[in-house]
Amino acid sequence: MTTTKSKLYSELLDLHVTFRQKLEEMESAAVLDVSGTGYTNHQADDATMVYDQTVNASTVRSVKQRLRQIEEALARYEAGTYGICENCGREIDIARLEAIPYTSLCLRCAETRDYRAGI
Ligand SMILES: [Zn+2]
């Protein structure tokens with residue numbers, strides 16, 4: 001079965017809905033956590049809560065980042081530049097798009113960027 005860009009586009013739309021919901025759930029959960037802090041006399045409970053918030057904050061950040069990548073990919077699709085590497089302008093391999101539909105870089109450029117970032 002051949003994956004087409006329009007199929008990837010509908011996949012991106014699904015991902016967009018999923019990540020929006022995830023973010024909304026996390027944000028409402030985070031609000032509850034914050035209002036709960038300081039209302040307990042048990043130090044251990046406070047420590048656990050602070051730990052949970054730290055985990056939450058970094059998870060929320062990564063979900064937000066992913067959501068932005070998905071939105072940017074959707075915008076590129078509408079602009080007619082979806083599947084074209086932002087860095088070198090070459091077509092991104094369809095197998096790579098299947099694996100990461102929101103990617104904006106071809107494999108070669110992504111590897112170069114990761115290498116430069118020291119990842
Ligand atoms: Zn490239």
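Every number in this text was worked out from the coordinates using simple rules, so none of it is lab data. Just so it is clear, the model here is predicted, and its values are computed rather than measured. Please note: Cβ atoms are built from the backbone with ideal geometry, for glycine as well, and neighbour counts cover all protein chains shown.
Please list 3J(HN,Hα) in residue order for segment 104-115, calculated via the Karplus relation 6.51 cos²θ - 1.76 cosθ + 1.60 where θ = phi - 60°; whole Hz, with x for glycine and proline.
The phi angles translate into 10, 10, 6, 4, 4, 5, 4, 5, 5, 5, 4, 5 Hz.
Label ARG68 and GLU98 with points 7 Å out from Cα along Cα→Cβ: what is the distance between them in nm?
It works out to 3.0 nm between the two label points.
Using a Förster distance of 25 Å, how high is the FRET efficiency between SER6 and CYS88, based on the Cβ-Cβ distance and rounded to 0.05?
Efficiency for this residue pair is about 0.55.
How high is the FRET efficiency from LEU107 to GLU27, r the C-beta distance, R0 41 Å, rounded to 0.05?
The formula returns an efficiency of 0.75 here.
Given H placed 1.01 Å from N in the peptide plane, which residues other than close sequence neighbours of ILE84 have an amide H under 5 Å from its amide H?
Under 5 Å from the amide H of ILE84: ILE92.
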